[in-house]
Amino acid sequence: MPEQLGSLHKAGSTKMTQTIITTAGIDTSKAKLDVAVHDRSERWRVANALPGWRALAANLSKAGVTRVGIEATGGYERGVVEYLRKAGFTVLVLQPTQVKAFGRVHLRRAKNDALDAFLIAACTATLDQPKTAPDPRLAQLAGYLTFLEQIEEDIARHKTRLEHIDEPGLRRIVNSDIVRLKARRAAQIRDIAKRLRASDDLAMRLNLVLSIPGIGERTALALLIRMPELGQVSREEAAALAGLAPFDDDSGKHKGLRRIAGGRSRLRRSLFAAALPAAFRWNKALVALYARLTAAGKAHTAALIACARKLLIYANTVVQRGTPWTEKAA
C-alpha cells in the first residue's frame, strides 16, 4: 500500500513494516481554510463552506492524507471538522496554546495563514492518536450547552449591574430581565436533557451520574457533554482533562505550591458550582473531606478544588462500573 514502507533487516531474514500516517494541517478563518500537508509542498485554500469542504476532502484523499489537525477558532472550525469526520478522516482539534508552544520550541516566528497551516500540520504529526473517538451526538449538544452557559453569564452580569442601580424603575427592568433569563435557562436545561435522553446509552450514563449526591441535572449534563471520555479514562486522566489535577512546582531546593492548570475551563466551572453545596450539605463524603482538609490548615479554595475533583472522580467511577452511587455506611 502507498502508506506503508517496507524495509529489510540487515541480516536479510526479517522484513519490517513501518506505517506512515500522512498528516495535514488547517488554519481556519470565518471565510476560508488554508490547508498544508506535513513534510510536503501541497497546500490549498478553500472556502469555509460546504463546496469548499467537498473540494478539501477530495484533495486530502488524493494526497493520501488520513489525519488532519485543525486549530480551535471560536467555532468557525466546527462545520469542516464534522464534515471531514463523516468523510472518514481522523480530525484532531488543537488548542491555540498547543500550536503556539510547538512553534516556540521549533523557533518559528514568521506568521501568515499558509505558514500557520504548515505549523499545525507539523504539530499534529507529533501527537498521539486520540484514545476515544469523538461522539457526534455530544459534539452537537455542546453547542446547546454553550448557549446555556452564555445565558448564565448574562444572568450574572445583570445581577452585578443591579448592585449599582438605585433608581426603582431601572431596578424593575433589570429584575424583569433576570426573571426572563432564568426561565430561559430552565427551559434550555430541559431541552438539552431531552435531546440527550433520546439515546438510551447516554440516558443510562446520565442516570448513573445523577445518582451521586451533590450532582444535579445541570452539572451532570456538563460532565457528559464536556467530557465524552468519562468512564473510559483513569481518575488521574479525568482530573487532568478538567484542569483539576494539582501539578508540582519544585526545582532544586525550591518546593513550590502544587497548583491546578489548563484543562477544560467550562467543565471546571460547572464542577466548582456543584462542589460548594455538595461539600456543605448534599454529599456526606465531601462534607467529611472538606472538614478534614480545612482542619488540617488548607484554605477554603484548595479544599473546594479537592471536592470538585472528587465529584469528577465519583462520576468517572460510576460510569466506568456501570452501577449507581451507593452511600457508604458511617
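The values are calculated or read from the model by the stated rules, or taken from the named source; none is laboratory data. What you see is a predicted model; the values in this text were computed from it and never measured. With ideal geometry, Cβ positions are generated from the backbone for all residues, glycine too; neighbour counts draw on all protein chains shown. Accessible surface is based on the protein model in full, side chains and every heavy atom, while ligands, DNA and RNA are left aside. Shrake-Rupley method; radii C 1.70, N 1.55, O 1.52, S 1.80 Å.
In this structure, does residue 79 turn out to be open to solvent by 60 Å² or more (accessible area, probe 1.4 Å) and either out of contact with any Leu (no Cβ under 7 Å at 6 or more places or on another chain) or part of a loop (DSSP other than H, G, I, E, B) (or both)?
no
Being more than 28 Å from residue 229 (Cβ to Cβ) and assigned to a loop (DSSP other than H, G, I, E, B) is the filter; apply it to region 280-301 and report the residue that is most open to solvent (accessible area, probe 1.4 Å).
298
If I ask for residues that are open to solvent by 20 Å² or more (accessible area, probe 1.4 Å), at pLDDT 90 or above and not in a loop (DSSP other than H, G, I, E, B), which ones from region 211-235 would you list?
217, 218, 226
Please find, within region 318-330, the residue that is farthest from residue 203 (Cα to Cα) out of those that are of a type in the set (A, V, I, L, M, F, W, C) and part of a helix (DSSP H, G or I).
By that ranking, first place goes to 318.
Go over the candidates 122, 156, 117, 139 one by one and state the one that is closer than 30 Å to residue 196 by Cβ and over 15 Å from the mean Cα position of the chain (by Cα).
156
When you look at residue 90, is it closer than 16 Å to residue 113 by Cα, without any contact (Cβ under 8 Å) to a residue 60 or more places away in the chain and hydroxyl-bearing (Ser, Thr, Tyr), yes or no?
no
Identify the single condition in (1) in contact with a Lys or Arg (Cβ under 8 Å, 6 or more places away or on another chain); (2) within 27 Å of residue 264 (Cβ to Cβ) that residue 104 does not satisfy, given that it satisfies every other one.
Just one mismatch for residue 104, condition (1).
Name the residue, out of 110, 49, 57, that is at pLDDT below 90 and small (Gly, Ala, Ser).
110
Among the residues of region 23-80, which ones are farther than 20 Å from residue 129 by Cβ and among the charged types (D, E, K, R)?
27, 30, 32, 34, 40, 42, 43, 45, 54, 62, 78
Give the number of residues within region 52-75 that are surrounded by 17 or more Cβ atoms within 10 Å (Cβ to Cβ) and in a helix (DSSP H, G or I).
6
Just wondering, is there one or more residues in region 302-317 that are assigned to a helix (DSSP H, G or I), over 19 Å from residue 242 (Cα atoms) and open to solvent by 50 Å² or more (accessible area, probe 1.4 Å)?
The answer is no, given that none of the residues of region 302-317 is assigned to a helix (DSSP H, G or I), over 19 Å from residue 242 (Cα atoms) and open to solvent by 50 Å² or more (accessible area, probe 1.4 Å).
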